[in-house]
Amino acid sequence: MEQRHIDPPADAIAAVTHPDPYPWYARLRAGPALVRDEGLRLWVASRADVLQEAFANPALRVRPVAEPVPRAIAGTPAGELFGRLVRMNDGAAHAAHKPILQRALGGLDLGSVHTAMPRIMAQRPVPALSEACFAWPVAGVAHLLGFADEALPRIADWTRDFVACLSPLSTEAQLRAASEAAAALMARFEALVAARPARDGSLLAAVRAQAPGDASRALLANLAGLLSQTCEATAGLLGNSVVALVREPGLADAIAARTASIGALVEEAARHDPSVQNTRRFVAEPTTVAGTRLEAGDAVLLVMAAANRDHRLNAQPDLFMPGRNDRRMLGFGHGPHNCPGQALACALAAAGVEALLARGLDLPALRAQGWHYSPSANARIPVFH
């Protein structure tokens, strides 16, 4: 079959939705530790050691000092929710609730996720594979939090509406819908927290055990944040795991023969083709990263997808190896802002892959019809044709 020539991505943002950005990432990684992209007005880092240094540097913040909430949503319900998220804050605001969420998620019974997901998926039938990748994981987290089954579809829809405001590509209509969704989510969480008692074994019960008596708006926002963080990131993880099944020779047979596990498939997909390709850090005060002087107001793009394939982080990094020993990845962050939901995200995606295969997912048809990637500045989410 004739191979169609595909131009390399124009820059590190265009790479996120490129059919195959990894050769370009390799060239980026082979260059200077930090590269200045004047078109993007960003410094770009792609090596694993540089990302680890940057993640640990306290002068690099998750939001610009002068703009803690994006201007497009400041003063709206979406802006309030955004501004309270621990992943969008540093310092005291980050320290107040991150440990609570981390301990609650760390004690979660992931076996219960696997048990509950088939029933949740059956209650939320979606005709298109791409929609299933979004709907099922968010409904799963809403269930784990303690919402009633009949509320799950609406919670998932509001979450997706809210997440749209996090993108610089959002339209005015999407921003309005995001604020309506944020207000609705906060109201639902107020009612959920006010109910007594929390469902035994629920994530809400675990959070309450870690923070008894805390019903603050900040905590409610971060419970909603568990849903929003699940939405695109886990949709991409589930979708990219399906892409790996289609693309990697012999992988589907190994899964069918149980010589490779679905859990290992998902974890390797998270390393090899991560759903979150990059993240930004903003320089709050003059500092040095990888020997380069950065000034207050500078911004750095940390390309985690490139770093995951750094040979200094993983041996034979371009090979897809579900049985890989000592797998290391930076797609869930590193240091103070590492994602506490990594194990949960992988469990949700694995349950999704298992359900799709049990329902007779047609891998040859997916291969023939292909896919593209949803427009995004940082999330790699396949849209199956």
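Restricted to the range 226-255, and to residues that are over 22 Å from G341 (Cβ atoms) and among the charged types (D, E, K, R), which residue is surrounded by the fewest Cβ atoms within 10 Å (Cβ to Cβ)?
D253
Can you name the number of the only condition in (1) farther than 20 Å from P99 by Cβ; (2) assigned to a helix (DSSP H, G or I) that R258 fails?
(2) is the only condition that R258 fails.
So, P137, is that one surrounded by fewer than 20 Cβ atoms within 10 Å (Cβ to Cβ), in contact (Cβ under 8 Å) with a residue 60 or more places away in the chain and under 18 Å from the mean Cα position of the chain (by Cα) or not? Walk me through how you get there before you give the answer.
Values: surrounded by fewer than 20 Cβ atoms within 10 Å (Cβ to Cβ): no; in contact (Cβ under 8 Å) with a residue 60 or more places away in the chain: yes; under 18 Å from the mean Cα position of the chain (by Cα): yes.
The answer is no for P137.
Can you tell me how many residues within the range 107-134 are more than 19 Å from A379 (Cβ to Cβ), free of Cβ contacts under 8 Å to residues at least 60 places away in the same chain and part of a helix (DSSP H, G or I)?
The number of residues fulfilling the criteria is 7.
Mind checking whether some residue in the range 84-100 is out of contact with any Gly (no Cβ under 6 Å at 6 or more places or on another chain), outside any helix (DSSP H, G or I) and more than 25 Å from G236 (Cβ to Cβ)?
Filtering the range 84-100 down to residues out of contact with any Gly (no Cβ under 6 Å at 6 or more places or on another chain) leaves 84, 86-100.
Remaining after also requiring outside any helix (DSSP H, G or I): 89-90.
If we keep only those that are more than 25 Å from G236 (Cβ to Cβ) too, we end up with 90.
Scanning the range 84-100, I find at least one residue that is out of contact with any Gly (no Cβ under 6 Å at 6 or more places or on another chain), outside any helix (DSSP H, G or I) and more than 25 Å from G236 (Cβ to Cβ), so the answer is yes.
In contact with a Ser or Thr (Cβ under 6 Å, 6 or more places away or on another chain) and crowded, with 22+ Cβ neighbours inside 10 Å: which single residue out of L302, L223 fits that description? Steps first, please.
Working: L223 fails: in contact with a Ser or Thr (Cβ under 6 Å, 6 or more places away or on another chain).
Just one listed residue meets the conditions, L302.
How many residues does the range 163-183 contain that are in contact with a Pro (Cβ under 9 Å, 6 or more places away or on another chain) and closer than 17 Å to A224 by Cβ? Can you show your working first?
Taking the range 163-183 and keeping what is in contact with a Pro (Cβ under 9 Å, 6 or more places away or on another chain), we get 165-169, 178-183.
Keeping just the survivors that are closer than 17 Å to A224 by Cβ gives 165-166, 178-183.
Of the residues in the range 163-183, 8 are in contact with a Pro (Cβ under 9 Å, 6 or more places away or on another chain) and closer than 17 Å to A224 by Cβ.
Given the condition within 20 Å of the chain's Cα centre (by Cα), within 30 Å of L220 (Cβ to Cβ) and not in a helix (DSSP H, G or I), answer yes or no: does some residue in the range 11-31 qualify?
No - not one qualifying residue is present in the range 11-31.
Which count do you get for residues in the range 191-210 that are within 25 Å of the chain's Cα centre (by Cα) and either more than 20 Å from G341 (Cβ to Cβ) or assigned to a loop (DSSP other than H, G, I, E, B) (or both)?
Looking only at that region, the number is 2.
Going by what's in this entry, would R258 be described as of a type in the set (D, E, K, R) and either surrounded by 21 or more Cβ atoms within 10 Å (Cβ to Cβ) or touching a helix residue (DSSP H, G or I) at 6+ places or on another chain (Cβ under 9 Å) (or both)? Walk me through it before giving the result.
Values: of a type in the set (D, E, K, R): yes; either surrounded by 21 or more Cβ atoms within 10 Å (Cβ to Cβ) or touching a helix residue (DSSP H, G or I) at 6+ places or on another chain (Cβ under 9 Å) (or both): no.
No, not satisfied.
Here are A355, A343, A299, A269: which of them is over 22 Å from T230 (Cα atoms) and not charged (D, E, K, R)?
Values: A355 fails: over 22 Å from T230 (Cα atoms); A343 fails: over 22 Å from T230 (Cα atoms); A269 fails: over 22 Å from T230 (Cα atoms).
Being over 22 Å from T230 (Cα atoms) and not charged (D, E, K, R) holds for just one of A355, A343, A299, A269, which is A299.
In the range 310-357, how many are farther than 30 Å from N222 by Cβ and either touching a Pro at 6+ places or on another chain (Cβ under 7 Å) or surrounded by fewer than 15 Cβ atoms within 10 Å (Cβ to Cβ) (or both)?
Qualifying residue count for the region: 10.
Name the residues in the range 364-375 that are surrounded by 17 or more Cβ atoms within 10 Å (Cβ to Cβ) and either modelled with pLDDT under 95 or in a helix (DSSP H, G or I) (or both), would you? Reasoning before the result, please.
Of all residues in the range 364-375, those surrounded by 17 or more Cβ atoms within 10 Å (Cβ to Cβ) come to 366, 371, 373-374.
Within the range 364-375, L366 is the sole residue that qualifies.
The values are calculated or read from the model by the stated rules, or taken from the named source; none is laboratory data. Bear in mind the structure is a predicted one, so any value in this text is a computation, not a measurement. Don't worry about glycine lacking a Cβ; one is built from the backbone with ideal geometry, like all the others, and counts go over all protein chains shown.
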